[in-house]
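Just so you know, all these numbers are worked out from the coordinates, no wet-lab data involved. Keep in mind that what you see is a predicted model, and the values were worked out from it rather than measured. Virtual Cβ from ideal backbone geometry, glycine too; neighbours counted across all protein chains shown.
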Amino acid sequence: FAEATWRIAKQLKSKLISEGEVKSKQLMEKEENLEYRKNFKKKLNNIMLTGELKDVFSNEDDRNYIISRLTREALGTGDIEIFLKDPNLEDVSINSYKEPTWVKHKKHGWLKTNITFESDRDIVNIATEIAIQVKRSINTLTPMLDAHLPDGNRVNAMLDPIAPKGANINI
């Protein structure tokens, strides 16, 4: 799909967030989060299929991809959420926004992905979301997070000033 379509989708997500359509993730239990995601996806789909937007999002495959990605961004940990669900991956390494994310595959070893981040702030946001999930915090006063995710994966995140190349996350 076109870059303009993606910009419209991002604006739609921002609108839903500003209107209070996105609940605070830390207040939701896993089952509630799954139900909320289902309803959020349904609402996005309905909006995309009505009014002026129905022509923009007419391709069902593109629409489903956009809905899935916006849901991960609004209610999860963005693009890395896919990696966390893959049982063949042993490690996810975000070393800097200046380089792609790396994953360690059980069979193929270390692989460079096409997942990149626009700025250090994007990685900080993911680290913050992870900290919320484990009921901890990470910020400039406590720039290091070492914890276990609810699924049992160990996560380590570091922010500036102790991360000289910028924010990084290893799961």
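So what's the net charge close to D120: Lys and Arg +1, Asp and Glu -1, counting the other residues with Cβ under 14 Å from its Cβ?
Here the count lands on -1.
Which entry in (1) 18.3, 55; (2) 22.6, 62; (3) 17.0, 49 matches Rg and Dmax of the Cα atoms in Å derived from the coordinates of this structure?
It is the value labelled (3).
By how many nm would the segment from L141 to T5 grow when fully extended, if each residue of separation counts as 0.36 nm and the alpha-carbon distance is taken off?
45.1 nm
Using the Karplus curve 6.51 cos²θ - 1.76 cosθ + 1.60 with θ = phi - 60°, work out ³J(HN,Hα) for each residue of segment 144-151 in order, rounded to whole Hz, and write x for Gly and Pro.
10, 10, 10, 7, 10, 6, x, 7
Residue separation times 0.36 nm, minus the C-alpha to C-alpha distance between Y36 and I17: what's the value?
Additional length available on full extension: 5.5 nm.
Cross-link list K43/K106; K13/K135; K15/K85: which exceed 31 angstrom alpha carbon to alpha carbon?
The pairs that break the limit, which is 31 Å between Cα atoms, are K43/K106.
Which FRET efficiency, nearest 0.05, do D122 and N156 yield, Cβ-Cβ r, R0 22 Å?
On the way: r = 18 Å, r/R0 = 0.81.
Result of the calculation: an efficiency of 0.80.
Which FRET efficiency value, to the nearest 0.05, do you get for N88 and N46 by plugging their Cβ-Cβ distance into 1/(1 + (r/R0)^6) with R0 = 45 Å?
FRET efficiency, N88 to N46: 0.80.
Just to confirm a number: summing +1 for Lys and Arg and -1 for Asp and Glu over residues other than V155 whose beta-carbon lies under 14 angstrom from that of V155, what do you get?
In short, -3.
Whole-Hz Karplus ³J(HN,Hα) for segment 114-120, in order, using 6.51 cos²θ - 1.76 cosθ + 1.60 and θ = phi - 60°, x for Gly and Pro?
Working through the residues one at a time gives 9, 8, 10, 10, 6, 8, 4 Hz.
Please sort 86-94, 70-78, 3-11 by packing, taking for each peptide the average over its residues of neighbouring beta carbons within 10 angstrom, highest first.
Descending mean neighbour count gives 70-78, 86-94, 3-11.
Output wanted: per-residue J couplings in Hz (rounded whole) for segment 43-58, from phi through Karplus 6.51 cos²θ - 1.76 cosθ + 1.60, θ = phi - 60°, x for Gly and Pro.
Along segment 43-58, the couplings run 5, 4, 4, 4, 5, 5, 9, 10, x, 5, 7, 4, 6, 5, 10, 6 Hz.
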